[in-house]
Amino acid sequence: MFSFHPTPKEDLLVSWRLPEEERNELISFRRELHQHPELSWQEFETSRRVFERLEALGLTPRRMAKTGVVAEVGSQEGPVVALRADLDALPIQEATDLPFASEHQGVMHACGHDAHTACLMVVAKRLVANPPSYGRVRLIFQPAEEDTDGADMMIREGVLADPEPIAIYGAHVWSQMPSGYVGVNAGPTMGSVDHLEIEITGRGGHGAVPHTAIDPIVAGANLVMSLQTLVSRRIDPMHSVVVSIGQFEAGTAFNVIPETAKLTGTVRTLEREAWEQIPALLETIVHQAVAAHGCEAKLTLTRSLRPLINHERETEVVRKVAQAYLPDERILPTKMLAGEDFSAFLEQIPGCFFFVGSAFEKSEADAMKAAPHHNPRFMLDEESFDLVVRILEDSARYELNEAHKAVL
């Protein structure tokens, strides 16, 4: 996925390091959030902490989408640029030995949203200390990214209105990319997320006389294999598609052929064209595969997230900003099939979503062995957070400066 050119940490450029006071505040707030994680749509305490800190900065935050928070900083003259962080945690029991490990049983910040929120709060503080003279920055603290509906609800409630931002930027710390690296890619960058559920109906019977029954397990087994032809034979091989069956449930006894079987799984695509093809292709493959064994099937496809597609110009903005802090070999063209609901924002307005390496390990092999996102042993190198702050802030300032030049 990544092409690494490891360099010892002491050889990194130091220009992206934040002042010590800001770094300490960032890390302190991140650890506070990490100790008190909350699930999607339950981020009440997290939202309160964010709201109160924004008020303490002299801003006027407002609540949106139940547990989301929005604030603006800058001049009323000129356009708006949006920056976004997510608030929610995951239903995972933390298994790290961190002194600031989760105090909430069965809930953990295992995807870095605590870091994203703390980073955006430091961006807010820096913008208040030195506000843009033209235009303003809209700070979006979004709930329920893991539930996949948080961005859509904020959009429905007007987070991109009055006025519509000229661009939006978001970042994701990444535990399997070394600290001091940035991943940014124009075009398709993260995958769609579709939930697949298939109910197969046959005719139950005795396991000793299978010819008198219609076996949904055999039909299901054939279907699992047939679904892989969607990837290998039905979609352009230059497009990225994954079909994974995660559950196969059938039967109640060792000698009974069941009446039904149920399969659930996920479909991921990177390109919009492939995403649009999936429903019709699935219908064809599912019904033909089970019909070959005399069964019937009901397919339910829930489309949770669209592919995340970065805009060319805004991707170049992030790349240029990153080049001020990092050599070119540390700026990687990164894309993956994991999903991210920032895609909803990018369908409405131009923008870019980028990755900041946060692994302690400094080689490709070691970084890829680190605990991945959504793992109970997930950890982040806190030294990487400064770079998130720098790129988010600088991208927003660049946009507003360019907009100001255009009207001079």
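Report relative contact order for the stretch 193-305 in percent, whole number only (criteria: Cα-Cα under 8 Å, sequence separation at least 6). Don't skip to the answer; put the middle values down first.
Values: 231 pairs, mean separation 49.5, N = 113.
About 44 percent, as a whole number.
Restricting to the chain, compute how many DSSP beta bridges are antiparallel as a %, nearest 5.
The antiparallel proportion sits near 70 percent.
Taking only pairs that are 8 or more places apart or on different chains, how many Lys pairs in the chain have Cα atoms under 23 angstrom apart?
8
Just rank SER75, SER102, fewest to most, by other beta-carbon atoms within 10 angstrom.
SER75, SER102
Once you wrap a convex hull around the alpha carbon atoms of the stretch 193-305, what is its projected area averaged over all directions, in nm²? Before the final figure, lay out the partial values.
Details: hull surface 26.8 nm².
That works out to 6.7 nm², a quarter of the Cα hull's surface.
Tell me what the chain gives for mean residue ellipticity at 222 nm when only DSSP H runs of n ≥ 4 count, each as -39,500 (n - 2.57), the sum divided by the residue total, rounded to 500 deg cm²/dmol.
-10500 deg cm²/dmol
Over the alpha-carbon set of the chain, divide Rg by the Kirkwood Rh and report the Rg/Rh ratio to two decimals. Provide the component values of the computation, followed by the final result.
Values: Rg = 23.7 Å, Rh = 22.8 Å.
Looking at the chain, the ratio lands at 1.04.
Among 146-157, 131-142, 324-335, how do they line up from the highest to the lowest mean number of other beta-carbon atoms within 10 Å?
Per-residue mean Cβ counts within 10 Å order the peptides as 131-142, 146-157, 324-335.
By count of other Cβ within 10 Å, fewest leading, how are SER15, SER28, SER384 ordered?
Values: SER15 9, SER28 12, SER384 26.
Ranked by crowding around the Cβ, least crowded first: SER15, SER28, SER384.
Grab the alpha carbons of the stretch 283-408, take their convex hull, and tell me the volume per residue in Å³.
Working: hull volume 23.4 nm³, N = 126.
Considering the Cα atoms of the stretch 283-408, their hull volume per residue is 185 Å³.
To make sure I understand, if each residue's beta carbon is the centre and we count other beta carbons within 10 Å, what order do LYS369, LYS125, LYS66 fall in, fewest to most?
Result, fewest neighbours first: LYS369, LYS66, LYS125.
Give me the net charge for the shell around LEU400: Cβ to Cβ below 13 angstrom, other residues only, Lys and Arg +1, Asp and Glu -1.
Within the 13 Å Cβ shell, the charges total -2.
Report the convex hull volume per residue for the stretch 270-339, counting only C-alpha atoms, in Å³.
With only Cα atoms used, the stretch 270-339 gives 114 Å³ per residue.
Convex hull over the Cα atoms of the stretch 193-256, averaged projected area in nm²?
5.4 nm²
Please identify, among HIS293, HIS206, HIS311, the residue showing maximal mean-square fluctuation in a Gaussian network model of the chain using a 10 angstrom Cα cutoff.
Evaluated over the chain, the most mobile residue of the options is HIS206.
Whole angstrom only: what separates the Cα centroid of the stretch 325-354 from the Cα centroid of the stretch 101-116?
The stretch 325-354 and the stretch 101-116 have Cα centres separated by 23 Å.
Rounded to the nearest angstrom and ordered from largest down, what semi-axes does the equivalent ellipsoid of the stretch 14-102 get from its C-alpha gyration tensor (root of 5λ)?
On the way: eigenvalues 133, 79, 26 Å².
Rounded to whole Å, the semi-axes are 26, 20, 11.
Show me the helices of the chain, taken as full DSSP H stretches, that run 15 Å or more along their long axis by Cα and average 1.0 or above in Kyte-Doolittle hydropathy.
Span-like helices here: 216-229.
So what is the relative contact order for the chain, in percent, with contacts set as C-alpha pairs under 8 Å and at least six apart?
In percent, rounded to a whole number, it is 25.
Taking every alpha carbon pair in the stretch 50-194, what does the distance histogram look like in 5 angstrom bins from 0, in percent?
2, 8, 16, 20, 21, 16, 11, 5, 2, 0
Across the stretch 98-140, how large is the tail of the calculated P(r) beyond 17 Å, expressed as a percent of all Cα pairs?
Cα-Cα pairs in the stretch 98-140 separated by more than 17 Å: 48 percent.
Below 12 angstrom from the Cβ of VAL242, what's the summed charge of the other residues (Lys, Arg +1; Asp, Glu -1)?
Result for the neighbourhood of VAL242: 0.
We did not get these values from a lab; they are worked out from the coordinates using the rules stated. Everything numeric in this text was worked out from a predicted model, so none of it was measured. Heads up, the Cβs are rebuilt from the backbone with ideal geometry, glycines too, and the neighbour counts pull from every protein chain shown.
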